[in-house]
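Worksheet for the structure shown next.
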Amino acid sequence: MREAILLVGGQGTRLRPLTLGTPKPMLPVAGVPVTVHQIERARAAGVERIVLGTSYRADVFAEQLGDGSHLGVEIAYAVEDEPLGTGGAIRHAAAHLVSGPGDPVMVLNGDVLTGVDYASLIEAHVVADAAVTLHLVRVSDPTAYGLVPTDAHGRVLAFHEKPTTPEEIVTDQINAGCYVFRRSVIDTIPAGRPISVERQTFPQLLAEGELLQGVVDDSYWLDLGTPWDFVRGSADLVLGVAPWPGHVPTPALILEGAQVDVSAEVGGGSTVGTGCRVGAGAVVRGSVLMDGVSVGADAVVADSVIGAGAQIASGAFLSECVIGDGASIGAGNELRGGARVWPGVNLPATAVRFSTDA
Ligand code: GDD
Ligand code: MG
(Lines give C-alpha, C1' and ligand atoms only; values in the text may rest on other atoms or scores of the structure.)
(Ligands and ions follow the chains in the order given, each with its own letter.)
Protein backbone atom coordinates (compact mmCIF):
# COMPACT_ATOMS: atom_id res chain seq x y z
CA MET A 1 0.00 0.00 0.00
CA ARG A 2 1.42 3.39 -1.02
CA GLU A 3 1.71 5.76 1.94
CA ALA A 4 2.49 9.41 2.63
CA ILE A 5 3.20 11.47 5.74
CA LEU A 6 1.83 15.00 5.70
CA LEU A 7 3.55 17.47 8.05
CA VAL A 8 0.87 19.80 9.32
CA GLY A 9 1.90 20.64 12.89
CA GLY A 10 3.47 24.09 12.41
CA GLN A 11 2.06 27.19 14.10
CA GLY A 12 1.74 29.24 10.90
CA THR A 13 3.07 32.31 12.74
CA ARG A 14 3.53 34.38 9.59
CA LEU A 15 -0.16 33.97 8.77
CA ARG A 16 -1.45 35.29 12.07
CA PRO A 17 -4.12 36.27 12.92
CA LEU A 18 -5.73 33.79 10.50
CA THR A 19 -3.91 30.88 12.12
CA LEU A 20 -4.96 31.76 15.69
CA GLY A 21 -8.02 29.52 15.32
CA THR A 22 -7.27 27.48 12.21
CA PRO A 23 -3.95 25.75 11.48
CA LYS A 24 -2.35 26.98 8.24
CA PRO A 25 -2.91 23.76 6.27
CA MET A 26 -6.66 23.93 7.03
CA LEU A 27 -7.09 27.49 5.76
CA PRO A 28 -9.09 27.46 2.54
CA VAL A 29 -7.38 28.33 -0.74
CA ALA A 30 -9.92 28.63 -3.54
CA GLY A 31 -12.53 27.50 -1.00
CA VAL A 32 -10.81 24.21 -0.10
CA PRO A 33 -8.29 23.57 2.72
CA VAL A 34 -4.68 23.36 1.51
CA THR A 35 -4.48 19.84 3.00
CA VAL A 36 -7.43 18.68 0.89
CA HIS A 37 -5.76 19.97 -2.30
CA GLN A 38 -2.65 17.99 -1.30
CA ILE A 39 -4.56 14.83 -0.41
CA GLU A 40 -6.37 14.92 -3.77
CA ARG A 41 -3.10 15.21 -5.70
CA ALA A 42 -1.46 12.47 -3.63
CA ARG A 43 -4.42 10.16 -4.21
CA ALA A 44 -4.24 10.83 -7.96
CA ALA A 45 -0.60 9.64 -7.77
CA GLY A 46 -1.64 6.36 -6.19
CA VAL A 47 -1.25 7.21 -2.48
CA GLU A 48 -3.87 5.24 -0.55
CA ARG A 49 -2.94 5.94 3.07
CA ILE A 50 -1.90 9.23 4.65
CA VAL A 51 -0.52 9.81 8.15
CA LEU A 52 -1.10 13.38 9.29
CA GLY A 53 1.64 14.58 11.63
CA THR A 54 -0.26 17.10 13.74
CA SER A 55 0.53 19.20 16.78
CA TYR A 56 -0.84 22.75 16.75
CA ARG A 57 -4.69 22.66 16.74
CA ALA A 58 -4.66 18.92 16.01
CA ASP A 59 -8.40 18.74 16.75
CA VAL A 60 -9.31 20.78 13.65
CA PHE A 61 -7.88 18.15 11.28
CA ALA A 62 -9.68 15.22 12.82
CA GLU A 63 -12.99 17.13 12.93
CA GLN A 64 -12.90 18.10 9.26
CA LEU A 65 -11.06 15.21 7.60
CA GLY A 66 -12.19 12.26 9.74
CA ASP A 67 -10.97 8.88 8.49
CA GLY A 68 -10.50 10.27 4.96
CA SER A 69 -13.08 7.99 3.35
CA HIS A 70 -14.92 10.93 1.72
CA LEU A 71 -11.59 11.90 0.10
CA GLY A 72 -10.89 8.39 -1.12
CA VAL A 73 -7.91 7.76 1.18
CA GLU A 74 -7.34 6.27 4.62
CA ILE A 75 -6.16 8.91 7.11
CA ALA A 76 -4.32 8.11 10.35
CA TYR A 77 -3.35 10.75 12.93
CA ALA A 78 -0.02 11.04 14.71
CA VAL A 79 -0.57 13.76 17.32
CA GLU A 80 2.50 15.26 19.00
CA ASP A 81 1.99 16.45 22.59
CA GLU A 82 4.84 18.91 22.07
CA PRO A 83 5.95 19.94 18.57
CA LEU A 84 8.73 17.56 17.49
CA GLY A 85 10.05 19.60 14.55
CA THR A 86 9.93 18.33 10.98
CA GLY A 87 12.27 15.34 11.52
CA GLY A 88 10.81 14.39 14.90
CA ALA A 89 7.32 14.57 13.36
CA ILE A 90 8.30 12.23 10.51
CA ARG A 91 9.75 9.71 13.00
CA HIS A 92 6.69 10.00 15.25
CA ALA A 93 4.31 9.50 12.32
CA ALA A 94 6.23 6.40 11.20
CA ALA A 95 4.67 4.42 14.05
CA HIS A 96 1.43 4.54 12.02
CA LEU A 97 2.93 3.35 8.72
CA VAL A 98 2.26 -0.13 7.38
CA SER A 99 5.02 0.03 4.71
CA GLY A 100 7.94 -2.42 4.87
CA PRO A 101 11.59 -1.34 5.46
CA GLY A 102 12.46 -1.09 1.75
CA ASP A 103 9.24 0.63 0.64
CA PRO A 104 9.13 4.26 -0.56
CA VAL A 105 7.17 6.64 1.70
CA MET A 106 6.28 10.15 0.55
CA VAL A 107 6.66 13.04 3.00
CA LEU A 108 5.03 16.39 2.24
CA ASN A 109 5.21 19.79 3.91
CA GLY A 110 1.62 20.82 4.53
CA ASP A 111 1.70 24.33 3.10
CA VAL A 112 2.83 23.81 -0.48
CA LEU A 113 0.92 23.96 -3.76
CA THR A 114 2.70 22.16 -6.56
CA GLY A 115 2.22 20.57 -9.93
CA VAL A 116 5.13 18.16 -9.52
CA ASP A 117 4.45 14.63 -10.73
CA TYR A 118 4.57 12.63 -7.48
CA ALA A 119 4.42 9.29 -9.27
CA SER A 120 7.53 10.02 -11.36
CA LEU A 121 9.34 11.23 -8.22
CA ILE A 122 8.64 7.87 -6.53
CA GLU A 123 9.74 6.10 -9.73
CA ALA A 124 13.03 8.06 -9.81
CA HIS A 125 13.58 7.18 -6.14
CA VAL A 126 13.08 3.48 -6.71
CA VAL A 127 15.26 3.39 -9.84
CA ALA A 128 18.16 5.19 -8.07
CA ASP A 129 17.68 3.14 -4.87
CA ALA A 130 18.20 6.40 -2.95
CA ALA A 131 17.89 6.79 0.82
CA VAL A 132 15.86 9.95 0.18
CA THR A 133 14.74 11.68 -3.01
CA LEU A 134 14.02 15.41 -2.71
CA HIS A 135 11.90 17.52 -5.01
CA LEU A 136 13.84 20.72 -5.78
CA VAL A 137 12.75 23.95 -7.45
CA ARG A 138 14.69 26.99 -8.64
CA VAL A 139 13.75 30.37 -7.15
CA SER A 140 15.19 33.85 -7.63
CA ASP A 141 15.71 34.46 -3.89
CA PRO A 142 16.54 31.17 -2.16
CA THR A 143 17.41 32.63 1.26
CA ALA A 144 14.03 31.92 2.90
CA TYR A 145 14.31 28.20 2.09
CA GLY A 146 16.60 25.18 2.32
CA LEU A 147 19.34 25.36 -0.32
CA VAL A 148 20.24 22.04 -1.93
CA PRO A 149 23.24 21.96 -4.29
CA THR A 150 23.55 18.79 -6.40
CA ASP A 151 26.22 17.33 -8.71
CA ALA A 152 25.73 16.64 -12.43
CA HIS A 153 23.95 13.35 -11.60
CA GLY A 154 21.52 14.92 -9.14
CA ARG A 155 23.35 13.68 -6.04
CA VAL A 156 22.78 16.08 -3.14
CA LEU A 157 26.08 17.65 -2.00
CA ALA A 158 24.92 19.71 0.99
CA PHE A 159 21.85 21.13 2.71
CA HIS A 160 21.84 24.77 3.92
CA GLU A 161 18.59 25.60 5.71
CA LYS A 162 17.77 29.36 5.68
CA PRO A 163 21.37 30.42 4.92
CA THR A 164 22.69 33.45 6.75
CA THR A 165 26.18 33.81 5.27
CA PRO A 166 26.97 34.58 1.60
CA GLU A 167 29.20 31.47 1.43
CA GLU A 168 26.15 29.27 2.00
CA ILE A 169 24.26 30.76 -0.95
CA VAL A 170 25.78 28.36 -3.45
CA THR A 171 22.74 27.55 -5.60
CA ASP A 172 19.26 28.71 -6.58
CA GLN A 173 17.91 25.16 -6.08
CA ILE A 174 15.74 24.87 -3.00
CA ASN A 175 14.04 22.12 -1.07
CA ALA A 176 10.43 22.11 -2.27
CA GLY A 177 9.18 20.32 0.86
CA CYS A 178 8.36 17.00 -0.83
CA TYR A 179 10.47 13.91 -0.21
CA VAL A 180 10.43 10.20 -0.89
CA PHE A 181 12.10 8.29 1.97
CA ARG A 182 13.11 4.66 2.06
CA ARG A 183 11.05 3.61 5.07
CA SER A 184 14.04 2.13 6.95
CA VAL A 185 15.78 5.54 6.78
CA ILE A 186 12.88 7.15 8.67
CA ASP A 187 13.36 4.57 11.42
CA THR A 188 16.95 5.79 11.98
CA ILE A 189 15.74 9.27 13.06
CA PRO A 190 15.96 9.44 16.89
CA ALA A 191 12.52 9.14 18.49
CA GLY A 192 10.80 11.20 21.16
CA ARG A 193 12.66 14.49 20.85
CA PRO A 194 12.57 17.53 18.55
CA ILE A 195 14.60 17.04 15.37
CA SER A 196 14.78 19.20 12.24
CA VAL A 197 14.88 17.10 9.09
CA GLU A 198 16.49 20.03 7.27
CA ARG A 199 19.12 21.03 9.85
CA GLN A 200 19.89 17.62 11.38
CA THR A 201 18.64 14.56 9.49
CA PHE A 202 19.68 15.51 5.94
CA PRO A 203 23.18 16.79 6.89
CA GLN A 204 23.73 13.67 9.00
CA LEU A 205 22.65 11.29 6.22
CA LEU A 206 25.05 13.10 3.87
CA ALA A 207 27.88 12.79 6.41
CA GLU A 208 27.17 9.06 6.60
CA GLY A 209 27.55 8.78 2.81
CA GLU A 210 23.90 7.90 2.11
CA LEU A 211 22.56 8.66 -1.38
CA LEU A 212 20.29 11.70 -1.29
CA GLN A 213 18.96 12.47 -4.74
CA GLY A 214 17.57 15.83 -5.89
CA VAL A 215 15.03 16.04 -8.70
CA VAL A 216 14.71 19.56 -10.10
CA ASP A 217 11.30 20.28 -11.55
CA ASP A 218 9.91 23.47 -13.05
CA SER A 219 6.17 22.89 -12.74
CA TYR A 220 4.08 25.20 -10.55
CA TRP A 221 5.34 25.54 -6.96
CA LEU A 222 4.45 27.87 -4.10
CA ASP A 223 4.92 27.82 -0.33
CA LEU A 224 1.84 29.45 1.22
CA GLY A 225 3.64 30.63 4.35
CA THR A 226 3.16 34.39 4.03
CA PRO A 227 -0.13 36.28 3.56
CA TRP A 228 0.95 37.45 0.10
CA ASP A 229 1.86 33.98 -1.10
CA PHE A 230 -1.35 32.68 0.45
CA VAL A 231 -3.57 35.05 -1.57
CA ARG A 232 -1.45 34.48 -4.66
CA GLY A 233 -1.74 30.69 -4.34
CA SER A 234 -5.50 30.90 -3.94
CA ALA A 235 -5.84 33.23 -6.96
CA ASP A 236 -3.54 30.99 -9.03
CA LEU A 237 -5.83 28.01 -8.33
CA VAL A 238 -8.96 29.97 -9.27
CA LEU A 239 -7.37 31.39 -12.44
CA GLY A 240 -6.02 27.98 -13.48
CA VAL A 241 -2.33 28.97 -13.11
CA ALA A 242 -1.85 26.42 -10.32
CA PRO A 243 -2.91 22.83 -11.05
CA TRP A 244 -6.34 21.80 -9.77
CA PRO A 245 -7.73 18.74 -11.55
CA GLY A 246 -11.35 19.15 -12.63
CA HIS A 247 -11.49 22.90 -11.96
CA VAL A 248 -12.58 25.18 -14.79
CA PRO A 249 -10.48 28.39 -14.63
CA THR A 250 -12.54 31.48 -13.82
CA PRO A 251 -11.83 35.14 -12.88
CA ALA A 252 -13.53 34.64 -9.51
CA LEU A 253 -14.93 31.78 -7.48
CA ILE A 254 -18.24 32.67 -5.90
CA LEU A 255 -19.17 29.96 -3.42
CA GLU A 256 -22.66 28.77 -2.64
CA GLY A 257 -24.96 31.24 -0.95
CA ALA A 258 -22.75 34.29 -1.59
CA GLN A 259 -24.51 37.37 -2.93
CA VAL A 260 -22.60 39.71 -5.21
CA ASP A 261 -24.30 42.87 -6.47
CA VAL A 262 -24.39 43.05 -10.27
CA SER A 263 -22.51 46.36 -10.21
CA ALA A 264 -19.66 44.98 -8.06
CA GLU A 265 -16.39 44.03 -9.75
CA VAL A 266 -15.03 40.74 -8.43
CA GLY A 267 -11.99 39.26 -10.20
CA GLY A 268 -8.27 38.61 -10.27
CA GLY A 269 -8.82 35.08 -8.97
CA SER A 270 -10.76 36.14 -5.86
CA THR A 271 -12.72 33.65 -3.81
CA VAL A 272 -15.97 34.85 -2.24
CA GLY A 273 -16.91 32.43 0.54
CA THR A 274 -20.26 30.92 1.45
CA GLY A 275 -22.77 33.46 2.72
CA CYS A 276 -20.66 36.52 1.81
CA ARG A 277 -22.30 39.74 0.66
CA VAL A 278 -20.60 42.15 -1.75
CA GLY A 279 -22.41 45.49 -2.19
CA ALA A 280 -23.04 47.77 -5.15
CA GLY A 281 -19.98 49.23 -6.83
CA ALA A 282 -17.57 47.34 -4.55
CA VAL A 283 -14.28 46.04 -5.99
CA VAL A 284 -12.78 42.71 -4.82
CA ARG A 285 -9.53 41.83 -6.60
CA GLY A 286 -7.09 38.95 -6.05
CA SER A 287 -8.46 38.36 -2.54
CA VAL A 288 -9.79 35.61 -0.32
CA LEU A 289 -13.06 36.35 1.49
CA MET A 290 -13.72 33.56 3.95
CA ASP A 291 -17.29 32.57 4.79
CA GLY A 292 -19.86 35.17 5.87
CA VAL A 293 -17.82 38.30 5.05
CA SER A 294 -19.68 41.45 4.12
CA VAL A 295 -18.16 44.10 1.85
CA GLY A 296 -20.15 47.34 1.73
CA ALA A 297 -21.01 49.47 -1.27
CA ASP A 298 -18.05 51.05 -3.08
CA ALA A 299 -15.50 49.42 -0.75
CA VAL A 300 -12.24 48.15 -2.31
CA VAL A 301 -10.55 44.91 -1.21
CA ALA A 302 -7.37 44.08 -3.14
CA ASP A 303 -4.78 41.30 -2.59
CA SER A 304 -6.09 40.71 0.93
CA VAL A 305 -7.35 37.89 3.12
CA ILE A 306 -10.55 38.64 5.02
CA GLY A 307 -11.38 36.28 7.90
CA ALA A 308 -14.79 34.66 8.41
CA GLY A 309 -17.63 36.95 9.37
CA ALA A 310 -15.58 40.17 9.05
CA GLN A 311 -17.40 43.31 7.98
CA ILE A 312 -15.89 45.83 5.60
CA ALA A 313 -18.03 48.96 5.56
CA SER A 314 -18.94 51.13 2.59
CA GLY A 315 -16.09 53.08 1.12
CA ALA A 316 -13.32 51.32 3.06
CA PHE A 317 -10.12 50.66 1.10
CA LEU A 318 -7.97 47.58 1.84
CA SER A 319 -4.86 46.58 -0.07
CA GLU A 320 -2.49 43.76 1.02
CA CYS A 321 -4.18 43.34 4.40
CA VAL A 322 -5.01 40.46 6.68
CA ILE A 323 -8.27 40.96 8.56
CA GLY A 324 -9.06 38.54 11.40
CA ASP A 325 -12.34 36.67 11.84
CA GLY A 326 -15.25 38.84 12.90
CA ALA A 327 -13.33 42.13 12.72
CA SER A 328 -15.17 45.22 11.62
CA ILE A 329 -13.59 47.90 9.42
CA GLY A 330 -15.64 51.08 9.57
CA ALA A 331 -16.49 53.32 6.63
CA GLY A 332 -13.70 55.34 5.09
CA ASN A 333 -10.76 53.45 6.63
CA GLU A 334 -7.77 52.98 4.37
CA LEU A 335 -5.41 50.09 5.22
CA ARG A 336 -2.46 49.15 3.06
CA GLY A 337 0.82 47.31 2.73
CA GLY A 338 0.77 44.50 5.27
CA ALA A 339 -1.71 45.87 7.81
CA ARG A 340 -3.15 43.17 10.08
CA VAL A 341 -6.31 43.52 12.12
CA TRP A 342 -6.85 41.02 14.94
CA PRO A 343 -10.08 38.98 15.23
CA GLY A 344 -13.07 40.85 16.58
CA VAL A 345 -11.38 44.27 16.49
CA ASN A 346 -13.67 47.12 15.59
CA LEU A 347 -12.16 50.03 13.65
CA PRO A 348 -14.63 52.89 13.84
CA ALA A 349 -15.64 54.82 10.76
CA THR A 350 -13.04 57.49 9.98
CA ALA A 351 -15.59 60.16 9.09
CA VAL A 352 -16.89 60.00 12.66
CA ARG A 353 -13.38 60.17 14.09
CA PHE A 354 -12.36 63.17 12.01
CA SER A 355 -15.45 65.15 12.95
CA THR A 356 -14.84 64.36 16.66
CA ASP A 357 -11.19 65.51 16.46
CA ALA A 358 -12.18 68.71 14.69
N1 GDD B 1 3.93 17.76 12.86
C2 GDD B 1 4.73 18.82 12.83
N3 GDD B 1 5.46 19.13 13.95
N4 GDD B 1 4.79 19.56 11.71
C5 GDD B 1 5.62 20.64 11.69
C6 GDD B 1 6.39 21.02 12.81
C7 GDD B 1 6.31 20.21 14.01
O8 GDD B 1 6.94 20.46 15.03
N9 GDD B 1 7.09 22.13 12.47
C10 GDD B 1 6.75 22.42 11.19
N11 GDD B 1 5.85 21.54 10.72
C12 GDD B 1 5.25 21.50 9.39
C13 GDD B 1 4.51 22.78 9.03
O14 GDD B 1 3.14 22.67 9.37
C15 GDD B 1 4.71 22.86 7.52
O16 GDD B 1 3.71 22.17 6.81
C17 GDD B 1 6.02 22.13 7.28
O18 GDD B 1 6.30 21.37 8.46
C19 GDD B 1 7.18 23.09 7.01
O20 GDD B 1 7.20 24.07 8.01
P21 GDD B 1 7.29 25.62 7.66
O22 GDD B 1 7.27 26.36 8.93
O23 GDD B 1 6.30 25.98 6.61
O24 GDD B 1 8.78 25.69 7.09
P25 GDD B 1 9.39 26.69 6.00
O26 GDD B 1 8.43 26.99 4.93
O27 GDD B 1 9.99 27.83 6.72
O28 GDD B 1 10.62 25.80 5.40
C29 GDD B 1 10.41 24.47 4.96
O30 GDD B 1 9.76 24.45 3.68
C31 GDD B 1 10.52 25.06 2.62
C32 GDD B 1 9.73 24.88 1.32
O33 GDD B 1 8.45 25.36 1.43
C34 GDD B 1 11.78 23.76 4.88
O35 GDD B 1 11.52 22.40 4.63
C36 GDD B 1 12.65 24.38 3.79
O37 GDD B 1 13.84 23.63 3.63
C38 GDD B 1 11.90 24.39 2.45
O39 GDD B 1 12.69 25.05 1.45
MG1 MG C 1 6.41 26.70 4.64
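The values are calculated or read from the model by the stated rules, or taken from the named source; none is laboratory data. This is a predicted model, so every value here is computed, not measured. For neighbour counting, all protein chains shown are included, and Cβ atoms are generated from backbone atoms with ideal geometry for every residue, glycine included. These area figures cover heavy atoms from the full protein model, side chains too; ligands, DNA and RNA do not enter into them. Shrake-Rupley method; radii C 1.70, N 1.55, O 1.52, S 1.80 Å.
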key: Members of region 22-34 that are more than 15 Å from ligand 2 (Cβ to nearest atom) and out of contact with any strand residue (DSSP E or B) (no Cβ under 6 Å at 6 or more places or on another chain)   = Thr22, Pro28, Val32, Pro33
task = For residues that are more than 18 Å from Asn109 (Cβ to Cβ) and of a type in the set (Val, Ile, Thr), scanning just region 119-159, find the one that is most open to solvent (accessible area, probe 1.4 Å).
result = Val127
inquiry  = Quick test for you: out of Ile39, Ile50, pick the one residue that is of a type in the set (Val, Ile, Thr), assigned by TED's automatic domain parsing to the domain that holds Val98, in contact (Cβ under 8 Å) with a residue 24 or more places away in the chain and not in a helix (DSSP H, G or I).
reply    = Ile50
query = Mind checking which residues of region 318-347 are open to solvent by 60 Å² or more (accessible area, probe 1.4 Å), part of a strand (DSSP E or B) and under 15 Å from Val300 (Cα atoms)?
reply = Glu334
inquiry  = Among the residues that make up region 74-87, is at least one of them of a type outside the set (Val, Ile, Thr), more than 12 Å from ligand 1 (Cβ to nearest atom) and touching a residue at least 40 places away in the same chain (Cβ under 8 Å)?
reply    = no
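Residue-wise test of (1) more than 16 Å from ligand 2 (Cβ to nearest atom); (2) open to solvent by 20 Å² or more (accessible area, probe 1.4 Å).
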residue: Arg14; (1), (2): no, yes
residue: Leu20; (1), (2): yes, yes
residue: Val36; (1), (2): yes, no
residue: Ala76; (1), (2): yes, no
message = Every residue in region 90-111 that is within 14 Å of ligand 1 (Cβ to nearest atom), touching a strand residue (DSSP E or B) at 6+ places or on another chain (Cβ under 9 Å) and either open to solvent by 10 Å² or more (accessible area, probe 1.4 Å) or among the aromatic types (Phe, Trp, Tyr) (or both), please.
response = His92, Ala95, His96, Asn109, Asp111
remark   = Conditions (1) over 23 Å from Glu80 (Cβ atoms); (2) modelled with pLDDT under 95; (3) within 15 Å of ligand 1 (Cβ to nearest atom) -> Gly225 fails only (1)
task = Considering every residue within region 166-181, establish whether at least one is touching a residue at least 60 places away in the same chain (Cβ under 8 Å), within 21 Å of Glu80 (Cα to Cα), open to solvent by 50 Å² or more (accessible area, probe 1.4 Å) and touching a His at 6+ places or on another chain (Cβ under 8 Å).
result = no
key: region 193-219, subset small (Gly, Ala, Ser) and farther than 27 Å from Gln38 by Cα, residue least open to solvent (accessible area, probe 1.4 Å)   = Gly209
request  = Tell me, yes or no, whether region 61-69 has at least one residue that is within 24 Å of Asp117 (Cα to Cα), open to solvent by 60 Å² or more (accessible area, probe 1.4 Å) and part of a helix (DSSP H, G or I).
outcome  = yes
